[in-house]
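Read through the structure below, which is laid out as structure tokens, and then see the notes.
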Amino acid sequence: MAPGLAKNATIVITTSDVHDRKQVPIGPKELNPEALAHPKDKGGFMPGMRAYASSKLCNLLTARAFEASLNAQSNGVRVIAYNPGLTRGTSLFREWPWWAKLMMAVASRLRSTNTIEQAGNAIADLGLGTIVPPYGRIYASLVKGKLTWPDPSELAQSDTAMRGLWVESAQMVGLPEQVQGRVTEAFSQKMTALRHTRDTVTAGSPYSTQR
């Protein structure tokens, strides 16, 4: 897809806070791309939910990886991982068993939720560039109808997990080895620059945690 992107394009990849075990217990403990690509589970609600949570972690890592790639850097591509949060009125839960729907109904009352309109407006603003991420931020999370820029989970911040997912995915789809090598080199350069930026941000930054 990258060769077809215009210069200074914006890519918004949808993720979810279920990628973070500190917020949702089904979030992944570790990342194994090969096991995710070839699952041994025979199906069922809970294996499906764990796979869903892992896929959202992969979406976030993919966003970070592409944002750090030479292609994105040389063409001014902006990449955002967007979490619409718990959104009322969608069909996401239509095939859930009754007990899971009941748990979600309870969770909706205990946690802040967003409307379809709020979630849609936010992704439109991000895609159109009406809202621009703060420097060094890539993860946008919709909380009570407002976009915030929190830190994702520790696993989502892992450069090792990010590189591993990208390279293993490239191998699975048969990308040339030299492409993988250039990507890995770009990761190292980009991550070094971002670490330097984060080290200069004060602990009181409004973007250091979700508020």
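Below, the figures for the structure above:
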read-out: Subset of the range 33-50 [surrounded by 15 or more Cβ atoms within 10 Å (Cβ to Cβ) and more than 22 Å from residue 138 (Cβ to Cβ)]; value: 49, 50
read-out: Qualifying residue in the range 91-105 (condition: within 28 Å of residue 1 (Cβ to Cβ), at pLDDT 85 or above and not acidic (Asp, Glu)); value: no
read-out: Pairs with Cβ under 8 Å, 6+ apart, first in the range 145-158 and of a type in the set (A, V, I, L, M), second assigned to a strand (DSSP E or B); value: 147/140; 147/141; 156/139
read-out: Subset of the range 2-22 [in a loop (DSSP other than H, G, I, E, B), open to solvent by less than 90 Å² (accessible area, probe 1.4 Å) and not β-branched (Val, Ile, Thr)]; value: 5, 6, 9, 16, 20
read-out: Hey, residue 31 modelled with pLDDT under 85, in a loop (DSSP other than H, G, I, E, B) and within 20 Å of the chain's Cα centre (by Cα) or not; value: no
read-out: Some residue of the range 142-154 being more than 22 Å from residue 76 (Cβ to Cβ), hydrophobic (A, V, I, L, M, F, W, C), at pLDDT below 90 and surrounded by 14 or more Cβ atoms within 10 Å (Cβ to Cβ); value: no
read-out: Tabulated pairs, the range 22-33, first β-branched (Val, Ile, Thr), second surrounded by 14 or more Cβ atoms within 10 Å (Cβ to Cβ), C-beta under 8 angstrom, 6+ apart or interchain; value: 24/17; 24/18; 24/53; 26/18; 26/49; 26/50; 26/53
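The values are calculated or read from the model by the stated rules, or taken from the named source; none is laboratory data. What you see is a predicted model, and the numbers here were worked out from it, not measured in a lab. Methodologically, a virtual Cβ is constructed for each residue, glycine included, from the backbone with ideal geometry; neighbour enumeration extends over all protein chains shown. Ligands, DNA and RNA are stripped out before the accessible areas are found, and what is left, the full protein with its side chains, is counted by its heavy atoms. Shrake-Rupley method; radii C 1.70, N 1.55, O 1.52, S 1.80 Å.
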